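Participant: One structure, as structure tokens, below. Some questions next.
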């Protein structure tokens, strides 16, 4: 047996008080005169013995009553395991409040059941203990200890949230909190449905008691719109774009007659009726014809019960009046390059000589064509690289007579394959990569009638496997003619031969040259992502023209708030910082002007309704965590009490103290002297 507060045992010295009173108690006798006391001796001896027995029993009752009263304050317990601990404790309780907790158990929504369990846990501890209440929101105000009453109130206020955090992040928060008070042991409780998509626990320190409490749900079916994206990243006016939609069936049964609809700028129309095999994804397309410039809103919807948080998908896109292209020329512009863009009103081509190039205006263009510039300085290489990092595209045609080794400096900075030497051997392109975006869906078939470019000279390359070049056009001898490198959010297209007609007939080959130019201009834009994930810690990036002016932006949608603002050169990063809780559209305001429209969707992490059972949790994490299945309220509280303190005896001490006090009263009242 051990005591929770052994300091109270000093009060046992109070037992000396009744003992001293008993030993030194002298009764005053009244003298009564008798003529002869010979007949009283036997009675006197008998009465004295009975009085001694009575007084001794009263003394024992008093001592036992005082002793057990002292024991009650010291709170004795019998440890049932090595986990029973003494002193005040720190208790951290995580309540899963993600969308999956809207599901029903046998009688209640899982969130309500979890809150009941959390309340039971807090109630099993004492007023001296400290409590932390965590949810998926992981807010800053949850990173502190609460009193027992405050913890119970915090549990009552928990609501369903779109935030989803891996359970490893939750445990790390609890560990971080325990380090702020290392003197007290930490008891950690995780109440969740333990979806496989978020359960990624790792071993914790042995000084921390981790308890997993799964709440069981009735298995449900779920169909979700996973994501949607445009086949062509840059949308153009008066063009029809294909929006690719992925719908996934996360159940083990085939599901039919799922109606998919789309709403573009408020005009809703059906897309298709889907049939989804069990556990598989289906891809569908919606054709969107763009008739106006500016921001456009799209909503994709399906109807699926009972899980509905992932049945809608919001996205936005912006349509410029023109795609801006800059041709940086070494000597003079290329006439066929000019003609190719001037014939299409969706493109705006501007020619500049390299000597007059203004680096500060590069951010205004979508595509930069480096047309036979003989030298690329380190400063220019840095600016071009920054342009691609921000999402711009660069199409590089080298000059036959480069100056020095400036191309290598540029290509190394971009992480691309470098040129070795200029070879004047005539070569013919032998293959075209129709799987790559530039030439995908351009040709009905790539038959022998497709004429491929011929060059009289080209640069040979030093191919390095780690630089991950993607071949687009390849010579018959296997060397590259045009290859692509991903640079940040942008792309670098490298042609190994000059564009001039004297060396290459590429510009004369319209069926190759025109798709190359047009699709390179719209291949990967630095455009805003079509959609963001709520709680995904994504930053909204916007371009700013005047970096010296301090600007205050405001998001306005279901809520209105000022995001975190970080100026970063010619762009500004905006951080919603967990302030968006509802999916939908949010206007970005600068003063009263709308400068952007952004779509935010709920995280699809919990769309797969697959859970770890208590048995699976035990098999996976029994080395460092204890798994408790759902139990009745009384047994759960009792189990926590025994876990923390062993078998509690103070209540029995109170009962015994009152019992002995009652026996003392009975002895005094009914055993007369």
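The values are calculated or read from the model by the stated rules, or taken from the named source; none is laboratory data. Bear in mind that the values here come from a model prediction, so they are computed numbers and not experimental data. Quick reminder, even Gly has a Cβ in these numbers, built from the backbone with ideal geometry, and neighbours come from all protein chains shown.
Participant: Could you tell me whether residue 511 is at negative phi, more than 40 Å from the chain's Cα centre (by Cα), assigned to a loop (DSSP other than H, G, I, E, B) and surrounded by fewer than 20 Cβ atoms within 10 Å (Cβ to Cβ)?
Facilitator: no
Participant: Next question. Take the conditions within 30 Å of residue 492 (Cα to Cα), in contact with a helix residue (DSSP H, G or I) (Cβ under 8 Å, 6 or more places away or on another chain) and at pLDDT 90 or above and apply them to residue 574. Does it pass?
Facilitator: No: the conditions fail for residue 574.
Participant: Name, by its number, the condition in (1) surrounded by 14 or more Cβ atoms within 10 Å (Cβ to Cβ); (2) more than 24 Å from residue 571 (Cβ to Cβ) that does not hold for residue 324.
Facilitator: Failing condition for residue 324: (2).
Participant: Now a separate question. Are any of the residues in segment 279-290 closer than 30 Å to residue 593 by Cα and in contact (Cβ under 8 Å) with a residue 60 or more places away in the chain?
Facilitator: no
Participant: Let me ask you something else. Among the residues of segment 422-431, is any assigned to a loop (DSSP other than H, G, I, E, B), within 18 Å of residue 508 (Cα to Cα) and in contact with a strand residue (DSSP E or B) (Cβ under 9 Å, 6 or more places away or on another chain)?
Facilitator: yes
Participant: Specify the residue that is surrounded by the most Cβ atoms within 10 Å (Cβ to Cβ); the eligible residues are those in segment 533-554 that are assigned to a strand (DSSP E or B) and touching a residue at least 40 places away in the same chain (Cβ under 8 Å).
Facilitator: 540
Participant: Continuing with the same structure: Which of the residues spanning segment 146-196 are touching a helix residue (DSSP H, G or I) at 6+ places or on another chain (Cβ under 7 Å) and free of Cβ contacts under 8 Å to residues at least 24 places away in the same chain?
Facilitator: 146, the sole residue that qualifies.
Participant: Sticking with this one: Under 7 Å between Cβ atoms, at least 6 apart or on separate chains: pull out the pairs that start in segment 403-415 with a residue that is at positive phi and end on any residue that is at pLDDT below 90 and part of a helix (DSSP H, G or I).
Facilitator: What qualifies is 415/467.
Participant: Among the numbered conditions (1) in a helix (DSSP H, G or I); (2) buried (at least 19 other Cβ atoms within 10 Å of the Cβ); (3) modelled with pLDDT under 85, tell me where residue 100 comes up short.
Facilitator: (3)
Participant: Let me ask something additional. State whether the residues of segment 436-453 include one that is touching a residue at least 40 places away in the same chain (Cβ under 8 Å), surrounded by fewer than 17 Cβ atoms within 10 Å (Cβ to Cβ) and not in a loop (DSSP other than H, G, I, E, B).
Facilitator: no
Participant: I need the full set of residues from segment 366-394 which are surrounded by 22 or more Cβ atoms within 10 Å (Cβ to Cβ), in contact with a helix residue (DSSP H, G or I) (Cβ under 9 Å, 6 or more places away or on another chain) and under 21 Å from residue 540 (Cα atoms), in order please.
Facilitator: Of everything in segment 366-394, those that are surrounded by 22 or more Cβ atoms within 10 Å (Cβ to Cβ), in contact with a helix residue (DSSP H, G or I) (Cβ under 9 Å, 6 or more places away or on another chain) and under 21 Å from residue 540 (Cα atoms) turn out to be 366, 387, 392, 393.
Participant: I'd like to know if segment 594-617 contains one or more residues that are exposed (fewer than 14 other Cβ atoms within 10 Å of the Cβ), out of contact with any strand residue (DSSP E or B) (no Cβ under 9 Å at 6 or more places or on another chain) and not assigned by TED's automatic domain parsing to the domain that holds residue 279.
Facilitator: Looking through segment 594-617, none of the residues is exposed (fewer than 14 other Cβ atoms within 10 Å of the Cβ), out of contact with any strand residue (DSSP E or B) (no Cβ under 9 Å at 6 or more places or on another chain) and not assigned by TED's automatic domain parsing to the domain that holds residue 279.
Participant: Looking only at strands (runs of 3 or more DSSP E) that lie completely in segment 125-233, which have at least 1 residues being in the same structural domain as residue 250 (by TED's automatic domain parsing) and buried (at least 17 other Cβ atoms within 10 Å of the Cβ)?
Facilitator: Answer list for segment 125-233: 223-230.
Participant: Then there's this: Can you confirm whether residue 419 is modelled with pLDDT under 90, under 23 Å from residue 501 (Cβ atoms) and surrounded by 13 or more Cβ atoms within 10 Å (Cβ to Cβ)?
Facilitator: Judged against the criteria, residue 419 is not a match.
Participant: Same structure, new question: Would you mind telling me which numbered condition in (1) modelled with pLDDT of 85 or more; (2) out of contact with any strand residue (DSSP E or B) (no Cβ under 7 Å at 6 or more places or on another chain) residue 91 fails?
Facilitator: (2)
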